[in-house]
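What follows is a single structure, written as structure tokens, with notes after it.
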Amino acid sequence: MSELSVKHLLGIKYLNKNDINLIFETADHFKEVINRSIKKVPSLRDVTIANVFFENSTRTKLSFELAEKRLSADVINFSAAQSSVKKGETLIDTVNNILSMKVDMVVMRHPNPGAGVFLSKHVNASIINAGDGAHEHPTQALLDSYSIREKLGEVAGKNVVIVGDILHSRVALSNILALKLQGANVKVCGPKTLIPKHIESLGVTVETDLRKALNWCDVANMLRVQNERMDISYFPTTREYTQQFGVNKALLESLDKEIVIMHPGPINRGVEITSDVADSNQSIILDQVENGVAVRMAVIYLLASKIK
Ligand code: CP
């Protein structure tokens, strides 16, 4: 099998295990490319990609743009904050205007869950979801699993705990779906108020004692508290959150074994993890960022081969 089962990447829920394996094998090749002195391949010289961002981003936006340029695609960037969306233009009109300029693929981040699915039904281009509200962030989950595979050899059978604000996190949902598809064991850990009801239906277990969760896991993926998505208080104070659910060096060193620390970024240093943990040799946070370019090159390359 050498092609994806999907035309768009709208969420991990639309992928199967073969798709993930194919993306990782293709990313292995591109990781080698981006570490060569000439970091570019001519694969997508006739493809034009629009990065359409209705929400802020540092890593995802730069990583997609770099991935597209490394593949020799033509790239245009759209940021809602500096656009005619501010004058009332709709999502469909905005994207159709962009597509009139002969764009083949749209990478979109949007605050509304399902925005990518909606768009895919209304426009004739391949859509990649770069994060839709608190719903999915599929390329983040793919690069996270790819980084676990790189560090630990495989994802199957590994114990992974996702810690923090699970309720508002698209990274959590996409990670759970991707990890379970590959045969990992997954726990979530955080304040009860930040863990969605019925999350066990996704095949994960809930642990509210961080030390127990860390002693169980091979990998801890630490999430940021998403204050921008909260309209009420979910825990008494940030200090208390950090005391119960933050990881510091003393806690890491008191565990039964050495675990791998991940974080999708942006980090709130001193809240979910301290700087000495983020910058320690147990952390693979910057490897995740490097792998993000290779994984996104793989996703774009494989989807582009379906639109030609
Ligand atoms: N991990 C992630 O999505 O980061 P950005 O919001 O900076 O893109």
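The values are calculated or read from the model by the stated rules, or taken from the named source; none is laboratory data. Not measured: the values here are computed from a predicted model. We place every Cβ from the backbone using ideal geometry, glycine too, and count neighbours over all the protein chains shown. With ligands, DNA and RNA removed, areas are computed over all heavy atoms of the protein, side chains included. Shrake-Rupley method; radii C 1.70, N 1.55, O 1.52, S 1.80 Å.
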Practice item. Calculate, for the stretch 1-98, the solvent-accessible area per residue in square angstrom, rolling a 1.4 angstrom probe over the heavy atoms of the protein chains. Key: 52 Å²
Practice item. Please report, as a whole percent, how much of the solvent-accessible surface of the chain comes from carbon and sulfur atoms (probe radius 1.4 Å). Key: 48 percent
Revision key, fill the gap. Calculated from DSSP helices alone, with each H run of at least 4 adding -39500 (n - 2.57) and the total divided by the residues of the chain, [θ]222 nm to the nearest 500 comes to -12000 deg cm²/dmol
Check your understanding: To one decimal place, what orientation-averaged projected area in nm² is obtained for the convex hull of the Cα set of the chain?
Key -> 16.0 nm²
Revision key, fill the gap. Ranking R45, R211, R149, R109 from most to least accessible area with a 1.4 Å probe gives R45, R211, R149, R109
Practice item. Quick one: net charge around A184, please, counting Lys, Arg +1 and Asp, Glu -1 for every other residue with C-beta under 14 Å from its C-beta. Key: +3
Study note, to complete from the structure: With every protein chain kept in place and a 1.4 Å probe, the stretch 99-138 has an accessible area per residue in Å² of 36 Å²
Practice item. Counting only C-alpha contacts under 8 Å and six or more residues apart, can you give the relative contact order of the chain as a whole percent? Key: 21 percent
Review point. Using mean Cβ contacts within 10 Å as the protection proxy, how do 254-263, 227-236, 271-280 order, highest first?
Key: 271-280, 254-263, 227-236
Point to revise | Pairs of lysines in the stretch 138-284 (C-alpha under 23 Å apart; 8 or more residues apart or interchain) | key: 22
Check your understanding: Magnitude of the Cβ-charge dipole of the stretch 138-284, K/R +1 and D/E -1, about the Cα centre, nearest 20 debye?
Key -> 240 debye
Point to revise | Debye, to nearest 20: dipole size of the chain, +1 on Lys, Arg Cβ, -1 on Asp, Glu Cβ | key: 480 debye
Practice item. Find the accessible area per residue for the stretch 156-308; the probe is 1.4 Å, ligands and nucleic acids are left out, and the unit is Å². Key: 42 Å²
**Study point:** Within-12-Å neighbourhood charge of I195 [Cβ basis; K, R +1; D, E -1]
**Key:** 0
Point to revise | Additional length obtainable on full extension of the chain from R229 to K17, 0.36 nm per residue less Cα span | key: 73.2 nm
